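Inspection log for the structure reproduced underneath, given as structure tokens.
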Amino acid sequence: MKVLLVLLGMISVANGAGLNAPDNFELKNRTAVFVDVTDIKTIIKYNISTSEVSAQSTVSFVQSVEGSPIFDLTPETTKVLIDSKETTLSKASLPGNVSTVRVLGLILKPGKHQLYVENKISKNVRFLSSGVKSAFWMSDLSDRRYLEQYLPANLEYDQYKVDFEVEIIGSPSEHQILANGEVKKLAKNHFSISFPDYYTASSFYYHLMPENSFNEESFNFKSVDGRDIPVTVYSSSRLASYIKRTKSVLAELEADYGPFPHNKVVIYGAGSGGMEHCGATITSLSALGHELTHSYFARGIMPARGNAGWVDEAIASWRDGGYREYQTRSLSNSQMAGHSIYRRTTDRNAYSKGARFMGYLHGKFSSAGGLKPFLKKFKDERLFKPFLTKNFQDDLEAHFGAELSTEFDRYIYGNSKSQVSTESIENPNHPKLSEQELLNLL
Ligand SMILES: [Zn+2]
């Protein structure tokens, strides 16, 4: 036992921040270190008279080895303090130039630290005569498109408690916020939002608007576990079909995979888009089932990095296609989980090749009940714990008592000698929207 503890200790030092962070790496004269963020408190102020949005964030974190901590934030910073001392957060390339992060300008000793960051938010914000609209739209198909587009955040492997205080200054009209956290109105145009401590950078849903900007209806969904889960559906078009589809998909998913994993549901029937969040989605009617499936697979079980992102898209797409069985001849080689450990986006082959791989496993193990009972168990055992593809493979092998390394090497890791085709085109459930199209959805 003692030996095991020592070994575990060594592993956590080696990768810097729990088991699922990528490896720390060397910069010119220091080590860039992945850290464990414990909580972030952010004050967001919308100033109507200057049309500016400012964010002041206090990030508490634990660092396990000496070096410069890694975070991310795409807007420029206007002030950075570490443990009350002024410094910088400079851009740095991840090894192999697969993505960009921000690295602190100072070298820190291991231990607890506090980072303070000020930045402006300009993305997906629109000031109107009636106030302001703002949303934290995200994407898992383009790089650096999670919380870091708006606020300092960590990479997807990390989970932390986030609290917002939101104030709209100088607006005569009342505003409201739809979010997948606990929203409290403190005063007119002054809110707090408390998000669960298991959220990662890709979990958050946040949409601020003047009151009555959309049609909106709330009701309770009776879960199989007895809970009355509050559901809010809103849209600029009619709500009836979104409400009907939401109820039927929730019932379908609970029958297959057990109680809905989140304590509320927020559906924005935007007519286009398609992005999943924890218990929330911006979606078209046709993508609604796909996006709600992601509340179990993607935002219930959570990919720890880009190489694990294929699992949830493969499951959701396999469901969309009616849970078909596939034979080996329908499979194609891919390296969906064979990219750099630093990659942060999902390989688009997941929708097609990944979905067929799930259907192949379903057929291969049909006499043992097929894949769905395994997926339910995988979700139950790993709920809200960021996972790697290796965990998925190990759990599959343990559940079915079968060796799957040949299949994973060939169809998932791209380790076979035969050629791997490039990433396929986009999926209709997750179309790539232009900046203008995203603004129009506010
Ligand atoms: Zn999807």
Item to check | From the options P196, P230, residue that is in contact with a strand residue (DSSP E or B) (Cβ under 8 Å, 6 or more places away or on another chain) and touching a residue at least 40 places away in the same chain (Cβ under 8 Å) | outcome: P196
Checklist entry - Among (1) at pLDDT 95 or above; (2) outside any strand (DSSP E or B); (3) farther than 14 Å from V62 by Cα, where does I43 come up short? => result (2)
Checklist entry - In region 134-187, how many residues are acidic (D, E), in a loop (DSSP other than H, G, I, E, B) and either at pLDDT below 95 or buried (at least 19 other Cβ atoms within 10 Å of the Cβ) (or both)? => result 4
Item to check | Count of residues meeting criterion [within 22 Å of the chain's Cα centre (by Cα) and either part of a strand (DSSP E or B) or at pLDDT below 95 (or both)] in region 99-116 | outcome: 4
Checklist entry - Out of region 48-98, which residues are part of a loop (DSSP other than H, G, I, E, B), under 25 Å from the mean Cα position of the chain (by Cα) and under 17 Å from P22 (Cβ atoms)? => result S64, L94, V98
Checklist entry - Looking at region 381-388, is at least one residue within 30 Å of G271 (Cα to Cα), in contact (Cβ under 8 Å) with a residue 24 or more places away in the chain and within 16 Å of the ligand (Cβ to nearest atom)? => result no
Checklist entry - Can you find a residue in region 152-166 that is touching a Pro at 6+ places or on another chain (Cβ under 9 Å), farther than 15 Å from L208 by Cα and outside the structural domain of Y116 (by TED's automatic domain parsing)? => result no
Next on the checklist: It is to be established whether one or more residues within region 269-288 are within 13 Å of the ligand (Cβ to nearest atom), in contact (Cβ under 8 Å) with a residue 12 or more places away in the chain and assigned to a helix (DSSP H, G or I).
Outcome noted: yes
Next on the checklist: Can you list residue pairs whose Cβ atoms sit under 8 Å apart, with the first residue in region 426-442 being within 11 Å of G273 (Cβ to Cβ) and part of a loop (DSSP other than H, G, I, E, B) and the second being modelled with pLDDT under 90 and of a type in the set (S, T, N, Q)? Count only pairs 6 or more apart in sequence or on different chains.
Outcome noted: H430/S139; P431/S272; K432/S139; K432/S142; L433/S272; L441/S272
Next on the checklist: So for region 210-219 (the condition being closer than 21 Å to L438 by Cα and surrounded by 21 or more Cβ atoms within 10 Å (Cβ to Cβ)), does at least one residue qualify?
Outcome noted: no
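Collect the residues in region 230-264 that are among the aromatic types (F, W, Y) and closer than 13 Å to T281 by Cα, keeping them in residue-number order.
Y234, Y242
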Checklist entry - Only one of these conditions is not met by F365: (1) outside the structural domain of S237 (by TED's automatic domain parsing); (2) free of Cβ contacts under 8 Å to residues at least 60 places away in the same chain; (3) within 16 Å of the ligand (Cβ to nearest atom). Which number is it? => result (3)
Next on the checklist: Would you confirm, using the coordinates I've provided, whether L250 is in contact (Cβ under 8 Å) with a residue 24 or more places away in the chain, crowded, with 17+ Cβ neighbours inside 10 Å and in a helix (DSSP H, G or I)?
Outcome noted: yes
Item to check | Boolean, G338 is under 21 Å from the mean Cα position of the chain (by Cα) and at pLDDT 95 or above | outcome: yes
Item to check | Every residue from region 297-322 that is outside any helix (DSSP H, G or I) and within 12 Å of the ligand (Cβ to nearest atom) | outcome: F297, A298, R299, P303
Next on the checklist: Can you tell me how many residues within region 364-394 are under 30 Å from S340 (Cβ atoms) and buried (at least 17 other Cβ atoms within 10 Å of the Cβ)?
Outcome noted: 14
Checklist entry - Any idea how many residues of region 272-307 are more than 15 Å from the chain's Cα centre (by Cα) and of a type in the set (G, A, S)? => result 6
Item to check | Breaking point among (1) over 26 Å from the mean Cα position of the chain (by Cα); (2) within 16 Å of the ligand (Cβ to nearest atom), for P428 | outcome: (1)
Checklist entry - Would you call S129 surrounded by fewer than 23 Cβ atoms within 10 Å (Cβ to Cβ), without any contact (Cβ under 8 Å) to a residue 24 or more places away in the chain and within 15 Å of L442 (Cβ to Cβ)? => result yes
Item to check | Failed item in (1) within 12 Å of the ligand (Cβ to nearest atom); (2) out of contact with any strand residue (DSSP E or B) (no Cβ under 7 Å at 6 or more places or on another chain), with G258 passing the rest | outcome: (1)
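The values are calculated or read from the model by the stated rules, or taken from the named source; none is laboratory data. In this text, all values refer to a predicted model and were calculated from it rather than measured experimentally. Note: ideal-geometry Cβ built from the backbone for every residue, glycine included; neighbour counts use all protein chains shown.
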